[in-house]
Amino acid sequence: MSTIFLIESIVALVLCVNAVRPLSGGGPFGFISMMGSWLTMELAPQSLVIQFGLTLGFSLSGGLDSAAGVVALALSIVSMACLAYLVAVGMRSKHVAEDALKETLGDDYVTRISRRHPDYDLRVPWRQLVLPFRMRHPDVERVRNVAYGEPHKRNMLDVYRHRDRPTGCPTLIQIHGGGWTIGNKDQQGKPIMLHFASRGWVCFAVNYRLAPRSTWPAQIVDVKRAIAWVKGHAEEYGADPDFIVVTGGSAGGRLWALAALTPNDPEWQPGFENADTSVQACIPYYGVYDFTRTESRANRALLRLLERQVFKKRLREAPEEFEAASPIARVGADAPAFFVIHGAHDSLVPVVETRRFVEKLRGVSHEPVVYTELPGAQHAFDVFPSIRTAHVTRASERFCDHVYSELHPRQAELQPEAASS
């Protein structure tokens with residue numbers, strides 16, 4: 001029993017140390033480190049309870065009858081201390097995100113929101129975290145597999161809306177990440193869509209064609225086609241076509257940033273050149289904003305993926321095409337409002353890339369550019385409900401409500417009140 005206890009405690013400590021200080025730079029070890037640190041970080045409260053239970057169980061079952069058991073107990077205590085630290089870091093996200101909003105929008109920004117709700121509940125949803133992978137909300141219904149383009153299984157979307165089906169609701173469109181090669185609308189974005197839909201938004205989760213089967217620019221064409229479709233059909237689902245916020249993580253964040261910065265670009269709207277594809281706000285999570293950099297190992301790993309799978313040509317053969325697909329090269333004064341989010345411990349996409357994008361965007365945009373760099377956050381931190389996900393989702397809601405109030409003050413006041421999540 002002592003040996004088993006020792007093995008378990010070593011594994012727990014390795015996972016905790018990796019979460020506190022994950023490897024970076026890409027490659028197989030970097031990816032393994034990312035996956036382990038991601039799950040440990042976001043499941044820290046649950047892991048702490050489990051580790052405490054295991055430690056107690058081993059201790060009461062003879063696990064301390066040898067020196068190995070005593071060492072295991074010490075390692076387990078250190079692991080639980082690390083997990084408690086990760087919980088505390090996750091809790092800090094509330095203040096970090098709020099400080100970012102105040103820095104850009106002003107300390108009194110909440111008072112300028114024409115509220116659609118009685119209040120913003122900023123408490124940690126502990127009951128939801130008991131079963132973090134059971135992502136449902138009693139006030140939200142889902143309409144599945146609505147076609148938005150040519151008959152193709154990738155040109156489908158799902159609709160999330162309040163069961164009361166209010167009308168004139170602000171609109172959120174979400175697309176998934178996955179390196180432009182994997183992923184679908186069922187796997188990502190549920191925490192933010194369920195929260196927003198429960199609060200009176202209509203949310204659309206969109207699939208798009210993936211590489212290598214579909215070569216760039218098929219992905220951005222699908223994203224823009226989805227925007228055009230939503231604008232044409234929004235009212236059928238109770239959504240406001242004149243107020244659209246777009247969000248997504250990783251490859252999805254990069255696609256939305258590019259779409260938000262290139263509205264109505266006919267080159268990427270074949271067959272629907274005259275459609276309006278502008279949006280009012282963009283919330284990209286841990287996105288890739290520059291395809292032309294090769295300085296770091298992570299940059300080079302990304303470039304290899306792009307050259308082999310997505311563009312199917314080398315950067316040196318078509319530098320202008322890679323640059324045109326880079327959001328950082330498309331920033332301009334007419335950019336919509338942005339709330340850019342990135343984790344300080346992101347192993348796959350270096351946070352320095354996002355800092356460069358935000359700095360350049362802030363230098364030219366007439367609209368607010370909010371940036372929050374989350375301590376302890378890994379890539380894909382928001383895939384399922386966690387302490388950090390809850391705080392960032394609610395910060396995103398306040399940002400969106402502020403933008404909505406600035407653009408449509410009277411409509412914001414008249415919005416029907418939906419149930420709080």
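The values are calculated or read from the model by the stated rules, or taken from the named source; none is laboratory data. Nothing here was measured: the structure is a model prediction, and the numbers come from that model. All Cβ positions, glycine included, derive from the backbone under ideal geometry; neighbour counts span all protein chains shown.
Can VAL159 be described as at pLDDT 95 or above, part of a strand (DSSP E or B), surrounded by fewer than 17 Cβ atoms within 10 Å (Cβ to Cβ) and in contact with an Asp or Glu (Cβ under 9 Å, 6 or more places away or on another chain)?
no
Looking at VAL331, VAL358, VAL392, can you tell me which residue is over 17 Å from GLN174 (Cβ atoms) and assigned to a helix (DSSP H, G or I)?
Numbers: VAL331 fails: assigned to a helix (DSSP H, G or I); VAL392 fails: over 17 Å from GLN174 (Cβ atoms).
Of the residues listed, the single one that is over 17 Å from GLN174 (Cβ atoms) and assigned to a helix (DSSP H, G or I) is VAL358.
So SER33 clears everything in (1) modelled with pLDDT under 95; (2) of a type in the set (Gly, Ala, Ser); (3) crowded, with 22+ Cβ neighbours inside 10 Å except one condition, right? Which one?
SER33 satisfies every listed condition except (3).
Taking the residues in the range 40-61 that are out of contact with any helix residue (DSSP H, G or I) (no Cβ under 8 Å at 6 or more places or on another chain) and touching a residue at least 12 places away in the same chain (Cβ under 8 Å) as candidates, determine which candidate is surrounded by the fewest Cβ atoms within 10 Å (Cβ to Cβ).
Out of the qualifying residues, it is SER61.
A quick yes/no check of all residues on (1) in contact with a strand residue (DSSP E or B) (Cβ under 6 Å, 6 or more places away or on another chain); (2) closer than 16 Å to VAL351 by Cα:
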site: SER278; (1), (2): no, no
site: TYR286; (1), (2): yes, yes
site: TYR289; (1), (2): no, yes
site: THR294; (1), (2): no, yes
site: ASN299; (1), (2): no, yes
site: ARG304; (1), (2): no, no
site: ARG314; (1), (2): no, no
site: GLU320; (1), (2): no, no
site: ALA324; (1), (2): no, no
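Take the conditions assigned by TED's automatic domain parsing to the domain that holds HIS137, more than 16 Å from PRO166 (Cβ to Cβ) and out of contact with any Cys (no Cβ under 6 Å at 6 or more places or on another chain) and apply them to VAL245. Does it pass?
So VAL245 fails the test.
Consider CYS169 against the criteria (1) in contact with a Phe, Trp or Tyr (Cβ under 8 Å, 6 or more places away or on another chain); (2) under 20 Å from PHE338 (Cβ atoms): it satisfies all of them except one. Which criterion is unmet?
Result: CYS169 fails condition (2) only.
If ALA333 passes every condition in (1) within 17 Å of LEU258 (Cα to Cα); (2) touching a Pro at 6+ places or on another chain (Cβ under 9 Å) but one, which one does it miss?
In the conditions (1) within 17 Å of LEU258 (Cα to Cα); (2) touching a Pro at 6+ places or on another chain (Cβ under 9 Å), ALA333 misses (2) alone.
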